[in-house]
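Q: I have a structure here, written as structure tokens, and I will follow up with some questions on it.
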Amino acid sequence: SSEVLEAIENVIQGVFQSLAQKKAPVLTVANRTDWRNIEFKDSVGLQMIPGCTSKQIRSDCPQSARRFALMLKILSMIYKMVQSNTYATKRDIYYSDTQLFGSQSVVDQIINDISCMLKIPRRSLHVLATTKGFVAGNLSFTEEDGTKVNCTCSATAVTVPSNVQGIKNLTSHAKFILIVEKDATFQRLLDDDFFNKVSPCIMITGRGIPDLNTRLLVRKLWDSFQIPIFSLMDADPHGVEIMCVYKYGSVSMSFEAHHLTVPSVKWLGLLPSDLQRLNICKDALIPFTKQDENKLASIQKRPYIACQPLWKKELEIMAASKLKAEIQVLTSLSSDYLSRVYLPNKLQFGGWL
């Protein structure tokens, strides 16, 4: 915490020095969303390059003066929380003065900018993300406040903790981890008691694009147990994008790649080639939209696809067919096909990429 306080004090000192010299204070923030500032490293995923370009948030410029003021406001809130050892969610910060901030996304972006500027992970700034992910299966752990959580015996999923860094005493006999894209599929596997039937496993879902805590938990499970991690996504560009976020990270959070990415994630399904192999009826598939085509084209150009020839092939099948499918398409074969046939066969015979 002293490191965080010192980093904030240095920023404020810089503001004071500028004012003392009759200069307009400026905050310098890295260009987080610029692909030119990102490099791909097989063992880490997408990470920010050391000498990346930055942008200045000036206090004397009409376009950025408001942002400058909001950054100082949030820095002061963070400083107080670290000093008093209290925590707040991003929503708490937004609701502390909704008129001032204007929208939740403004708060989210500023907090990420501050984290990147100070080179300090968001959790160390005492800002917690609101969790939307669920975890279930062969896992138990103790939360930071001493609450014991057992995911094994519950028929309902456990919400991913809001302070993943603080959890300890993780124990599991799981043979693998299964990341499930969507909540509906996750609930279906839970109802089918999937994590006990095949072999003990841990199931986790970020319910779409994963929030920070879900990604941190996947990383923590990987660090703790070093067991295979498989992903079960829709056979569409959006599903591939989500899987890539778990595996390689995202451009906007590339400055935190070392804590978040899990490059060992395998693509278990739903593969575009599975749709042909299982003779899924064409009527059950969904035609691409223009948005799907653009998203797929952009994924195919990404640096990590070049080192994944088998993934490349699957994306080419998808691009050629211009058809996509949700995991639920398997119910056209039989209602429990996913948990009774598809996943057990894939896991037994190594049907992942």
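Q: With respect to the cross-link table entries Lys182/Lys247; Lys41/Lys266; Lys90/Lys295, which display a Cα-Cα separation exceeding 19 Å?
A: On the way: Lys182/Lys247 17 Å; Lys41/Lys266 17 Å; Lys90/Lys295 29 Å.
Correct reply: Lys90/Lys295.
Q: So, one more: Just to make sure I understand: if all protein chains stay in place, what is the order of His259, His173 by accessible area at 1.4 Å, largest first? Kindly include the intermediate steps, with their values, before the conclusion.
A: Numbers: His259 80, His173 140 Å².
Result, largest first: His173, His259.
Q: Let me know the whole percent of all Cα-Cα pairs from the range 223-263 that are separated by more than 15 Å. Walk me through the numbers on the way to the answer.
A: Values: 384 of 820 pairs.
Result for the distance tail: 47 percent.
Q: At Leu5 and Lys73, where each label point lies 7 Å from the Cα along Cα→Cβ, what is the point-to-point distance in nanometres?
A: 2.5 nm
Q: So who's got an amide H within less than 5 Å of the one on Ser54, skipping anything under 5 residues away but keeping other chains? H placed 1.01 Å off N, in plane.
A: Counting only residues 5 or more places away or on other chains, the set is Asn31.
Q: So what's the net charge close to Ile229: Lys and Arg +1, Asp and Glu -1, counting the other residues with Cβ under 11 Å from its Cβ?
A: Details: positive: Arg219, Lys247, Lys266; negative: none.
Summing Lys/Arg as +1 and Asp/Glu as -1 gives +3.
Q: What are the semi-axes of the equivalent ellipsoid of the range 1-155, taken as the square roots of 5 times the eigenvalues of the Cα gyration tensor, listed largest first and rounded to whole Å? Working shown, then result.
A: Values: eigenvalues 214, 85, 48 Å².
That gives 33, 21, 16 Å for the three semi-axes.
Q: Mind checking the per residue accessible area of the range 2-128 for me, 1.4 Å probe, whole number of Å²? Walk me through the numbers on the way to the answer.
A: On the way: 6840 Å² over 127 residues.
Ligands and nucleic acids excluded, the result is 54 Å² per residue.
Q: Working out 0.36 nm times the residue gap between Asp97 and Gln17, then minus their Cα-Cα distance, what length gain in nm do you get to one decimal?
A: Working: separation 80, 0.36 × 80 = 28.80 nm, distance 2.88 nm.
The Asp97-Gln17 span can extend by a further 25.9 nm.
Q: Another question, then. Find the Rg to Rh ratio for the range 234-331, where Rh is the Kirkwood radius over alpha-carbon pairs and Rg uses the same atoms. Display every interim value, and only then the final one.
A: Details: Rg = 13.9 Å, Rh = 14.1 Å.
With Rg and the Kirkwood Rh in hand, the quotient comes to 0.98.
Q: Write down the percent of antiparallel bridges among all DSSP beta bridges whose residues are both part of the chain, to the nearest 5. Could you put the intermediate results ahead of the total?
A: Values: 23 of 37 bridges.
Roughly 60 percent of the beta bridges in the chain run antiparallel, per DSSP.
Q: Another question, then. Starting from the Kirkwood radius over alpha-carbon pairs of the chain, derive D by Stokes-Einstein at 20 °C in a medium of 1.002 mPa s and give it in µm² s⁻¹. Display every interim value, and only then the final one.
A: Working: Rh = 22.1 Å.
Answer from the Stokes-Einstein relation: 97 µm²/s.
Q: Right, next: Calculated FRET efficiency, Asp336 and Lys301, Cβ-Cβ r, R0 51 Å, to nearest 0.05?
A: Working: r = 39 Å, r/R0 = 0.75.
That pair, Asp336 with Lys301, gives E of 0.85.
Q: Applying the Karplus parametrisation 6.51 cos²θ - 1.76 cosθ + 1.60 with θ = phi - 60° to the phi angles of the range 98-105, what ³J(HN,Hα) value in whole Hz is obtained for each residue in order, glycine and proline being reported as x?
A: Running phi through 6.51 cos²θ - 1.76 cosθ + 1.60 with θ = phi - 60° gives 5, 5, 5, 7, x, 7, 4, 5 Hz.
Q: Could you derive backbone 3J(HN,Hα) for the range 234-243 from the dihedral phi with the Karplus parameters 6.51, -1.76 and 1.60 (θ = phi - 60°), listing whole Hz in sequence and x where the residue is Gly or Pro?
A: For the range 234-243, the Karplus-derived couplings read 5, 7, 8, x, 5, x, 5, 4, 5, 4 Hz, x marking Gly and Pro.
Q: How large is log10 of I(q)/I(0) for the range 259-314 at q = 0.16 Å⁻¹ when the intensity is taken from the Debye formula with one equal scatterer per alpha-carbon?
A: With no solvent term, the Cα-only Debye profile gives -0.69.
The values are calculated or read from the model by the stated rules, or taken from the named source; none is laboratory data. No experiment lies behind these values; they were computed from the predicted model shown. FYI the Cβ positions are ideal-geometry reconstructions off the backbone, even for glycines, and counts take in every protein chain you see. Each accessible area value is taken on the protein alone, full model and side chains, heavy atoms only, with ligands, DNA and RNA left out. Shrake-Rupley method; radii C 1.70, N 1.55, O 1.52, S 1.80 Å.
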